[in-house]
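**Student:** Next up is a structure, given as structure tokens.
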Amino acid sequence: MTDPIKILLVDDHPLVRAGFQRLLISDDSIEIVGEADNGQSACDMYATHAPDVVVMDLNMPNDSSASDEACHNLNGGLEAIRRIISHDTKAKVLVLTAMEIDPFPAHVVNAGAKGFLTKRCAPDELLAAVKAIHNGEEYITEEMRTRISGDGSTEAASISSLTKRELQVFALLAEGRTVSQVAEEIFLSPKTVHAHRTNIFRKLTISNNSELVHLAIRHGIVQA
């Protein structure tokens with residue numbers, strides 16, 4: 001009898017994890033060996049359980065502490081991917097995320113992930129991606145390959161010009177936080193956050209928070 005595909009499921013939303021868990025274990029060839037809700041736990045569980053495939057979200061904390069690097073942000077998943085692959089160069093990671101706009105697909109591939117799916121994918125596609133990656137293949141749709149190659153929209157190209165810190169500030173502002181609230185959450189001075197905000201507005205050619213929010217919603221950075 002063939003051994004089941006061992007999956008580590010990583011997402012910071014319990015209901016989302018529960019839904020994906022039910023879908024994955026509906027296939028008898030798949031077994032969930034661990035669940036993590038942040039990047040640090042994902043790395044620890046990878047070392048403990050040695051899963052065949054990691055199914056990982058991007059937008060989550062690096063860990064549960066209140067440090068600057070651990071803030072709930074767009075880079076928690078990316079950092080976890082890099083750390084897991086640094087620990088095991090043969091690690092197989094499938095990113096399953098709502099963050100489908102540029103530059104995230106390219107960042108995911110550069111970090112070493114073997115697959116990229118959005119949470120809009122069909123259930124059968126998730127199962128197919130897990131099995132393909134387990135078999136040593138990559139699973140990246142043609143649409144995502146086009147984006148990774150650089151053929152994106154002007155808006156997406158502008159977003160890709162933001163630094164990691166600017167992306168973090170951009171996402172937090174788009175979620176409705178004030179400059180002071182962003183500064184407190186990511187342990188920067190309000191003056192520094194305001195400077196990041198100014199750079200973001202310049203790079204994205206926008207002039208107010210309303211335009212910033214609409215842009216973030218249009219590209220899937222925040223939900224409407």
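The values are calculated or read from the model by the stated rules, or taken from the named source; none is laboratory data. Model, not experiment: these values are computed from the prediction. Note that each Cβ is placed from the backbone with ideal geometry, even for glycine, and that neighbours are counted across all protein chains shown. For the accessible areas, the whole protein counts, side chains as well, though only heavy atoms, and no ligand, DNA or RNA atoms are used. Shrake-Rupley method; radii C 1.70, N 1.55, O 1.52, S 1.80 Å.
**Student:** For the stretch 12-46, how many residues meet the condition of being touching a Leu at 6+ places or on another chain (Cβ under 8 Å), among the acidic types (D, E) and under 22 Å from I85 (Cβ atoms)?
**Tutor:** Residues flagged as touching a Leu at 6+ places or on another chain (Cβ under 8 Å), among the acidic types (D, E) and under 22 Å from I85 (Cβ atoms) within the stretch 12-46 amount to 1.
**Student:** Looking at the stretch 90-121, which of the residues that are part of a strand (DSSP E or B) and farther than 12 Å from I221 by Cα is modelled with the lowest pLDDT?
**Tutor:** T118
**Student:** Restricted to the stretch 186-219, and to residues that are small (G, A, S) and in contact with a Phe, Trp or Tyr (Cβ under 9 Å, 6 or more places away or on another chain), which residue is surrounded by the most Cβ atoms within 10 Å (Cβ to Cβ)?
**Tutor:** Applying the filter and picking the extreme gives A216.
**Student:** Still on this structure: Report whether or not H214 is part of a helix (DSSP H, G or I) and over 15 Å from R165 (Cβ atoms).
**Tutor:** Yes; evaluated as a whole, the condition is true for this residue.
**Student:** Sort out which residues of the stretch 181-204 are farther than 15 Å from L167 by Cα and touching a Ser or Thr at 6+ places or on another chain (Cβ under 9 Å), and write them in order of number. Talk me through it step by step, then tell me what you get.
**Tutor:** If we filter the stretch 181-204 for residues that are farther than 15 Å from L167 by Cα, which is where we start, we get 181, 184, 187, 189-191.
The answer is F187, P190.
**Student:** Let me ask another. Among the residues of the stretch 1-38, what is the count of those that are part of a loop (DSSP other than H, G, I, E, B) and under 19 Å from the mean Cα position of the chain (by Cα)? Steps first, answer last, please.
**Tutor:** Initial filter on the stretch 1-38 (part of a loop (DSSP other than H, G, I, E, B)): 1-4, 11-13, 26-29, 37-38.
Now restrict to residues that are under 19 Å from the mean Cα position of the chain (by Cα): 11-13, 37-38.
Final tally of qualifying residues: 5.
**Student:** Can you tell me which of (1) open to solvent by less than 50 Å² (accessible area, probe 1.4 Å); (2) more than 16 Å from the chain's Cα centre (by Cα); (3) under 24 Å from A106 (Cβ atoms) is the one L167 doesn't meet?
**Tutor:** (2)
Yes/no matrix, rows are residues, columns are (1) open to solvent by 40 Å² or more (accessible area, probe 1.4 Å); (2) at pLDDT 95 or above:
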| position | (1), (2) |
| --- | --- |
| M1 | yes, no |
| I5 | no, yes |
| D11 | no, no |
| L24 | no, yes |
| I30 | no, yes |
| G39 | no, no |
| C43 | no, no |
| D52 | yes, yes |
| M56 | no, no |
